Protein chains: 2
Amino acid sequence: MMIDIPEALVSVADVIRSHERFVVIAHFRPDGDAIGSTIALGHALQAMGKQVRMLNEDPVPERYAFLQGSDEIGRTPRGPVDAEVVISVDNGAWKRLGDRSVVSLANAPLVVNIDHHGSNECFGAVNCVLPDEAATGCILYKLIRLLEVPITPVIANALYAAISTDTGSFQYEKTTPEVMRMAGDLLSKGVNVMEMNRMLYQEVSWKSLMVTREVLNGMVLEEDGRLCWFSLDLETKGRLNASPDDVADLVDSIRVIRGVKVAAIFEEMEPGVIRVSMRSKDARVNVAKIAEEFHGGGHALAAGIRIRRPLAEARECVLQAIRVACRKALG
Amino acid sequence: MMIDIPEALVSVADVIRSHERFVVIAHFRPDGDAIGSTIALGHALQAMGKQVRMLNEDPVPERYAFLQGSDEIGRTPRGPVDAEVVISVDNGAWKRLGDRSVVSLANAPLVVNIDHHGSNECFGAVNCVLPDEAATGCILYKLIRLLEVPITPVIANALYAAISTDTGSFQYEKTTPEVMRMAGDLLSKGVNVMEMNRMLYQEVSWKSLMVTREVLNGMVLEEDGRLCWFSLDLETKGRLNASPDDVADLVDSIRVIRGVKVAAIFEEMEPGVIRVSMRSKDARVNVAKIAEEFHGGGHALAAGIRIRRPLAEARECVLQAIRVACRKALG
């Protein structure tokens, strides 16, 4: 299969070829692209006969532990880690490696930064930041091809998981024809598509279903079905034993309701500190403008606020602003 | 892009080239593959200057009404429909066109049958049944290429929707590298991947969320989390105003729970008539064997039963059989 090799990857390949001892590390609280990228690059380096340590600030999340090679990712130790080159993957800022990792890797002689986030701070001596790519896994697919390392089943599975999760199963905007071809090529190199996707998407924890149940029981639909909101207080979070990850995407679970134009989640972070997440599905309702009224920010379709007020009070004043914006924009 | 043209498609292409007046129709209660295939083939025939009527026994489901061309699919009228050729797409049996359609099309001079269901009854004069294909949309992609009809945005969107929905967003077993390449090619021909997938997957009806809520509130986990079941009586179905489609896949919503090995739904169809759907996630627990005890049937991992008994009674005796099977197989 023909692929375009981005210029920036050639420098990365040169660094890899001319060094021997590597650390591969992704951002803390790693997602599928972070874990898959770490495994794929780690194994490609091993195949080239390099010494590699795969690290992360945090443990591999349970849902990615099925990936072969994930058990080789260790938690960054306290104290300096010795390596010639640290390759940061899927990580937009040095500090997002995590507090312990930043300290342990502070003396790295050479940092290579491979990422697809547009906001990347280019903290490396060599930076390969390609914001048009759908996933860091896509960049690494190209790098591994450039390095002429055979794509083993372990690498294929890791890259597939990285690309699939970061495109929401090939649904998001950056899913280009090239992404589909790369994923297709990986399927031919040892990915069991049924089993892989079952593990990625069809295994839900009881706790996360209990959080979903809480939302479905507590959500409120108003403004003729155009506004849906849910509020989550500390007591409920405690009862559900919900981690930040468990509640990170709650707004999506109500945003999907047909007819809803604006969705909002009010989450009590600590007593009297409320985080508001807003989503608009209609360009005429700009939630960033609503956020600005409360010193928050974001984009027209996705914005957030942090307010120091009791939950019910914060909720009522933000809801009122949303209602006004809806009526003005949508009649 | 290189594609293999299956031999059976050549006969279909010959029939199309040598006739003028067509009906294109898919199975009743149409899904995404049925609707997308009807639109894609209908538009391809129109592009060749043919007369085409796109029909279906049932209306286009609300969730596919966003597809351009879907408004050209009419409901089969009562009384004979005049056409030289009826092309049935994505339909395994003539009677699955629906009662009215079977009568209206009874006098069709020539029936062409294009499908990917292994169980297809080969009811056509010309049959192109390719069970290895992931979707009828994949077969039509190849047919349209063979006919040298340009893939317009309307056709590209219809084929993409057909393929994406029948592969569960590229997750099911038949998602081959070729499927990924075809979908990639369609993306390059006018599919807005973000908008398309938002419409396909990210718009959920309030009613279907209310059904999900009912399941989450009523499901029971037992046998150390290995068995999860839910039962749905007539009163609840009535209160939720749930259609057969709304409750068709309920077993999947509990099957996904991590740790669950067997999931079962008990649905009261009419007073004293219970339909049981069982899914196993562990090859050691064969739910078809459990179904056989109650004169039901199916496969090792997916089976069903119909019992004439009051709901609670039917449930208790099937659950007891499942518990025994779980303990025997899993210890």
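Scanning segment B:86-106 finds no residues that are part of a helix (DSSP H, G or I) and under 22 Å from residue B:182 (Cα atoms). In the set (1) surrounded by fewer than 24 Cβ atoms within 10 Å (Cβ to Cβ); (2) assigned to a helix (DSSP H, G or I), the condition left unmet by residue B:171 is number (2).
Looking across segment B:232-267 at every residue that is within 14 Å of chain A (Cβ to nearest Cβ) and assigned to a loop (DSSP other than H, G, I, E, B), the one that is nearest to the chain's Cα centre (by Cα) is identified as B:249. Taken over segment A:177-231, the criterion of being hydroxyl-bearing (Ser, Thr, Tyr), out of contact with any Phe, Trp or Tyr (no Cβ under 6 Å at 6 or more places or on another chain) and more than 7 Å from chain B (Cβ to nearest Cβ) is satisfied by A:208 alone.
Taken over segment A:113-131, the criterion of being within 15 Å of residue A:10 (Cβ to Cβ) and touching a His at 6+ places or on another chain (Cβ under 8 Å) is satisfied by A:129, A:130. Any idea which residue in segment A:18-49 is nearest to residue A:138 (Cα to Cα), counting only those that are without any contact (Cβ under 8 Å) to a residue 40 or more places away in the chain and in a helix (DSSP H, G or I)? So, considering only residues that are without any contact (Cβ under 8 Å) to a residue 40 or more places away in the chain and in a helix (DSSP H, G or I), the one nearest to residue A:138 (Cα to Cα) is A:42. Just for segment A:65-92: of the residues that are of a type in the set (Gly, Ala, Ser) and under 12 Å from residue A:111 (Cβ atoms), which one is nearest to the chain's Cα centre (by Cα)? Here the residue is A:88.
So which residues in segment A:247-285 are touching a Ser or Thr at 6+ places or on another chain (Cβ under 9 Å), more than 18 Å from residue A:316 (Cα to Cα) and touching a residue at least 40 places away in the same chain (Cβ under 8 Å)? Correct list: A:253, A:261.
Restricting attention to segment A:184-209, the residues that are modelled with pLDDT of 95 or more, outside any loop (DSSP other than H, G, I, E, B) and hydroxyl-bearing (Ser, Thr, Tyr) total 0. Does segment A:118-128 contain any residue that is of a type outside the set (Asp, Glu), within 14 Å of chain B (Cβ to nearest Cβ) and in a loop (DSSP other than H, G, I, E, B)? Within segment A:118-128, none of the residues are of a type outside the set (Asp, Glu), within 14 Å of chain B (Cβ to nearest Cβ) and in a loop (DSSP other than H, G, I, E, B). Checked against the criterion of being assigned to a helix (DSSP H, G or I) and either in contact with a Pro (Cβ under 8 Å, 6 or more places away or on another chain) or among the acidic types (Asp, Glu) (or both), segment A:271-288 contains not a single residue that satisfies it. The numbered conditions (1) without any contact (Cβ under 8 Å) to a residue 24 or more places away in the chain; (2) out of contact with any Gly (no Cβ under 6 Å at 6 or more places or on another chain) are all true for residue A:177 except (2).
When B:89, B:103 are checked against the criterion of being more than 30 Å from residue A:258 (Cα to Cα) and either surrounded by 15 or more Cβ atoms within 10 Å (Cβ to Cβ) or not assigned by TED's automatic domain parsing to the domain that holds residue B:23 (or both), a single residue qualifies: B:103.
Right, residue B:167: more than 7 Å from chain A (Cβ to nearest Cβ) and under 26 Å from residue A:185 (Cβ atoms) or not? Yes: the conditions hold for residue B:167.
Run down B:145, B:181 and say which single residue is in a helix (DSSP H, G or I), in contact with a helix residue (DSSP H, G or I) (Cβ under 7 Å, 6 or more places away or on another chain) and charged (D, E, K, R).
One residue alone meets the criteria, B:181.
The values are calculated or read from the model by the stated rules, or taken from the named source; none is laboratory data. All of these numbers come straight from a predicted model, not from anything done at the bench. Positions of Cβ are generated from backbone atoms using ideal geometry, with glycine treated the same way; all protein chains shown enter the neighbour counts.
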